[in-house]
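Undergrad: Mind having a look at this structure? Questions to follow.
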Amino acid sequence: MVEYANSGKDAITISHNNRYDIALVDIMLPDMQGTDLVKKLAVMLPSTDFIHITAHAALDSAIEAARQEQVVSYETKPLDMDHLLVVLKQIMKRKKMEDALLQAEKLKSIGTITAGISHEFNNILAIISGNVQLMKRSYKDHEELVNALDIIMKATNDGAEISKKMYNFAKTEVGNTEYVTYDLSDLIKQSIEFTMPRWKNMAQANGLNYHIDIEGIRGISEVRCNSAEIREAFVNIINNALDAMPVGGRISFSTWNRDDSVFVSVSDTGKGMTEDVRKKVFDPFFTTRRPQGTGLGMSIVYSILSRHNGKIEVESEIGKGSTFNLQLPIVSRADSTRAIPETEQESKSSGHIKSV
Ligand SMILES: Nc1ncnc2c1ncn2[C@@H]1O[C@H](COP(=O)(O)OP(=O)(O)O)[C@@H](O)[C@H]1O
Ligand SMILES: [Mg+2]
């Protein structure tokens, strides 16, 4: 999106409620010096990069102005649009990389804390649950007590479930033994089947229409992965898409190969996200769906992709829907050792507590 301002004052006004990746500022403005405007805007827009525009005659002052921290470049008039486009593309590419790096660092440090908490939590919950079971056995004739113990047990299991999710987010590596070579399209189809009861129920209960479009799924290369985890990632994405489409809609899948990677895109026609939400989707405990939401779903997906050396990105438009783009490295022939088809025992969790 591009916006124009006719004066320095205008630029300040529109910057109050907006964020910009890049701002092009003429050195000579009708109402103030471009360099002064940049000083003011830099405070309001700390993540914006500024480019000065100048006539040849004022080149010296532009170079001088470019010493300011947030001024990354200058362009001379008349503008060479081809050159400008290249500069803008480079800046956007760098910003995207910086964002990804920042996100990775942030998640890494939250991951360390989360791993610690989930470990402590599990030990505590295991003590509670063990003692509740003992008491239930000892006082099985005391109905009121047994009911109370059942409630404690249920809360403990809920806690264990959250703790397990936290652990799944904080985990950084897939053990080598957990890897199998898999066709990603099969995993997508299995995930759709896993979630089918949910969207079928939602549709039937409320007279809604959910359409799952798999026409974009093409034959793609195999990846080495922990299939239960990758399936979990797709199940989380599908469940979020359903959450975002309370009045029905469409989820479309497409897959393709490029270079050494397999790409999958999952689009929904749901309510979409604001830019603010979009930036936080992968943050643990970030949710707009309290109290039901835990905000752990997408952080687990991000973590699963990371430990598979993959990537995930999201695009979204309010009122139109969201698209999650996933990328996983293709397995090379050398390390392609097909594993025995697995049984499904690894897949589903059961509120049971284990020390991690
Ligand atoms: N497909 C989607 N459409 C719109 N918003 C989404 C979508 N997926 C995720 N989100 C947003 O990201 C937030 C975090 O998602 P998630 O980590 O799965 O947590 P939860 O589902 O528990 O809220 C959601 O609360 C929602 O605001
Ligand atoms: Mg979710």
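The values are calculated or read from the model by the stated rules, or taken from the named source; none is laboratory data. None of the values given here were measured: they were computed from a predicted structure. No Cβ is skipped: glycine too gets one built from the backbone with ideal geometry, and neighbour counts run over all protein chains shown. Heads up: the accessible areas ignore ligands, DNA and RNA and are worked out on the full protein's heavy atoms, side chains in. Shrake-Rupley method; radii C 1.70, N 1.55, O 1.52, S 1.80 Å.
Undergrad: What part of the accessible area of the chain, given as a whole %, is carbon or sulfur when the probe is 1.4 angstrom?
TA: 55
Undergrad: Something else: Obtain the radius of gyration and the Kirkwood radius of the stretch 176-346 from its C-alpha atoms and give Rg over Rh.
TA: 0.97
Undergrad: Which residues' amide hydrogens lie under 5 Å from the amide hydrogen of residue 75, considering only partners 5 or more residues apart or on another chain, with H built in the peptide plane?
TA: Close amide H contacts, sequence-distant or interchain: 52, 53, 54.
Undergrad: As an exercise, identify the chymotrypsin sites (Phe, Trp or Tyr not before Pro) in the stretch 114-170 lying in DSSP coil whose Cβ has no more than 16 other Cβ atoms within 10 Å.
TA: 139
Undergrad: Could you provide, to the nearest whole Å², the per residue accessible area of the chain with probe 1.4 Å?
TA: 59
Undergrad: Quick check: Cα centre of the stretch 1-56 to Cα centre of the stretch 133-167, how many Å?
TA: Cα centres, the stretch 1-56 to the stretch 133-167: 60 Å.
Undergrad: Hey, got a sec? Which chymotrypsin sites (Phe, Trp or Tyr not before Pro) in the stretch 1-96 land in a DSSP loop and have at most 15 other Cβ atoms within 10 Å?
TA: 4
Undergrad: To the nearest 20 debye, what is the magnitude of the charge dipole of the chain about its Cα centre, counting +1 on the Cβ of each Lys and Arg and -1 on the Cβ of each Asp and Glu?
TA: 700
Undergrad: Only bridges with both residues in the chain count here: give the DSSP antiparallel percent, nearest 5.
TA: Here the share of antiparallel DSSP bridges comes out near 65 percent.
Undergrad: Which of the chymotrypsin sites (Phe, Trp or Tyr not before Pro) found in the stretch 213-265 are loop residues per DSSP with 14 or fewer other Cβ atoms within 10 Å of their Cβ?
TA: In loop regions of the stretch 213-265 (DSSP not H, G, I, E or B), there are no sparsely surrounded chymotrypsin sites (Phe, Trp or Tyr not before Pro).
Undergrad: Further, regarding this structure: What FRET efficiency comes out for residue 68 versus residue 257 if R0 is 41 angstrom and r is the Cβ-Cβ distance? Round to the nearest 0.05.
TA: Approximately 0.35, to the nearest 0.05.
Undergrad: I'd like the Kirkwood hydrodynamic radius of the chain, using the inverse of the mean 1/r over distinct C-alpha pairs, in Å.
TA: 24.1
Undergrad: Where in the stretch 87-122 does the amide nitrogen come within less than 20 Å of the point 7 Å from the Cα of residue 174, taken along Cα to Cβ?
TA: 104, 108
Undergrad: Continuing with the same structure: Please give, to one decimal in nm, the separation of the simple spin-label points placed at residue 152 and residue 117, each 7 Å out from Cα toward the Cβ.
TA: Result for the modelled spin labels: 2.4 nm.
Undergrad: How far, in degrees from 0 to 90, does helix 81-138 lean away from the longest principal axis of the Cα atoms of the chain, to the nearest 10?
TA: The angle comes out at about 20 degrees.
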